[in-house]
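The structure appears right after this line, and notes come after that.
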Amino acid sequence: MSQASSKSSGEKKLKWWQLSLLGVAGTIGTGYFLGSSLAITIGGPAVVIVYALAALGTYIVFDALARMTSDHPEQGSFRSYAKKAFGAWAGFASGWVYWFSELLIMGSQLTALSIFSRFWFPGVPLWIFAAGYGIVGLCIVFFGNKGFDRVENVLAVIKIAAIIMFLVLAVALLAGWIGGTKYAHKVPMDMASIFPKGGLGLWSAFLFAFYAYGGIEVLGIMSYRLEKPDDAPKAGKVMLISLSAVYVVSIGLALTMVPLSAFNPKESPFVLALSSDHLAFVPHLFNGVLIVAGFSTMTASLYAVTSMMITLAKEGDAPKLFSQKWKKKYPLFALCLIGCGLIGTIIMSLLLPGKVYEYVTTAAGLMLMYNWLFILLSSGRLLKSRTIDVIKRWTGLVLISMAITGTLFHGLSRPGFFISLLLVSLIALSDIIVQRKRKKTPFAPDKEQREQTERAGESSPSERAGFHITGIRKQRSKIK
């Protein structure tokens, strides 16, 4: 029996379709509903191309993660695989890069939620809304998986229904069944209309297309709760095929219904597309949907960073205090740390209300891409690769690298690039200090980890062949 499965025996197991639904809930958010405006503003109508390419890159990353999860489920997911592939330094770096990426994503979501809420209450400061949404999200995660699963399933259904409603109304408007549209409908036909910002603009928009698919890591973290770990690839494949089709079609419809000059980072392209004298209720309805979507992905990010912090603390890559649970059930200490991080993002929204969404979103997307690079590189070490697997891995690495470097060519995203470099530098410095200290004073596993190491000896032959058991390394070091 695997470590993860042993540990999670008391938790409710998930079916593959439930994991797909949770993946939809954790993925469709303001990165799609609002972030697509950034992509369109920067790249023009040709962004549908990078959304399709981003879907391909996302699938390659998830396929690698799902195969590693299927072979050996781990609660630490990609962070544990990085550690097995490259050593303790990689586990530390991967875990903390992901933790900061999700923290920034939560900051981006909180800022977007506040912007949407001011649609109804324009006089209320951003930070008040951000604080309110942050507190509610922390309360949901505080009460554990049961509350998280229920809330996310409901929110996923609401978001899917909203997207279907948009597609139906968009078709009705284009067909002329509903009149009073605000903008003239026009399909971009010539190259100047499709590529108004040129190839460089399209390259700069690549990151925001990838950002719309951010959330597959939550599936990786939750895959250890599957009834059948072998179903992880199926759950991710169904989710990603559905999402990519919806993204490309819906953004293509919005581009047909709204002139490029009308798109802006403060309004959803889908609200603009449905502007009509006969649909006066739509802006209010969709504004509510946008709040639901942003809150859902923020809650999923909260769950992910809480799980990651507990894993980091248990394995000595964070203070042990954060692995402890109040009354042996509630992750109070980990959530307190995350709460401090959210306060930082709220202060940022107070000090930089003008461009905070663009800067934080870029930095969050970049940190996410760094972690996806770790996933692909780890799979190259841990999985038996056929020629097609090598081609897929290198394709994913190239696409992600293009998304990262593209941020340097636009003034809106360039500050986020340097913010991400600063965070990575701080993590690298901390990693060096921790690894040096660990050599002098080896980390002593607690009772639970010693029991897990003993159970690892009972793993199946495929698990032993595919992965190096951590306990064996420790025994070798003791012999030396």
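So, in Å, what gap is there between the alpha-carbon centers of region 67-127 and region 281-329?
Value for the Cα centre distance between the two parts: 8 Å.
Just subtract the alpha-carbon distance of Ala245 and Lys13 from 0.36 nm times their residue separation and send over the number in nm, one decimal.
Additional length available on full extension: 80.6 nm.
For Asp317, Asp231, Asp71, Asp277, what's the largest-to-smallest order of accessible area, 1.4 Å probe?
Accessible-area ranking of Asp317, Asp231, Asp71, Asp277, largest first: Asp277, Asp71, Asp231, Asp317.
Compute the distance in nm between two label points, each set 7 Å from the Cα along the Cα-to-Cβ direction, one at Lys186 and one at Lys439.
The answer from the label model is 6.5 nm.
Given the whole protein assembly as supplied and a 1.4 Å probe, what does the accessible area of Leu253 come to in Å², nearest 10?
Leu253 exposes around 30 Å² with every protein chain in place.
Starting from the Kirkwood Rh over alpha-carbon pairs, what translational D in µm² s⁻¹ does region 185-261 have by Stokes-Einstein at 10 °C and 1.306 mPa s?
105 µm²/s
I need the calculated FRET efficiency for the pair Ile194 and Ile164, taking r as the beta carbon distance and R₀ as 25 Å, to the nearest 0.05.
0.35
Explain nothing, just compute: Karplus ³J(HN,Hα) = 6.51 cos²θ - 1.76 cosθ + 1.60, θ = phi - 60°, for every residue of region 193-205 in order, whole Hz, x for Gly and Pro.
Per residue, the Karplus-derived 3J(HN,Hα) values read 7, 6, 10, x, 9, x, x, 5, x, 5, 4, 5, 7 Hz.
I'd like the accessible area for Phe121: 1.4 Å probe, protein heavy atoms, all chains in place, Å² to the nearest 10.
110 Å²
Using r as the Cβ-Cβ distance of Cys336 and Trp394, and R0 as 30 Å, what FRET efficiency do you calculate, to the nearest 0.05?
Calculated value: 0.10.
Per 0.36 nm of contour for each residue apart, how much would the distance between Lys329 and Lys384 grow if the chain were fully extended, relative to their Cα-Cα spacing?
15.9 nm
The values are calculated or read from the model by the stated rules, or taken from the named source; none is laboratory data. Computed from a prediction, not measured in an experiment: that's the story for all the values here. No Cβ is skipped: glycine too gets one built from the backbone with ideal geometry, and neighbour counts run over all protein chains shown. The area values use the complete protein model at the heavy-atom level, side chains included, leaving out ligands, DNA and RNA. Shrake-Rupley method; radii C 1.70, N 1.55, O 1.52, S 1.80 Å.
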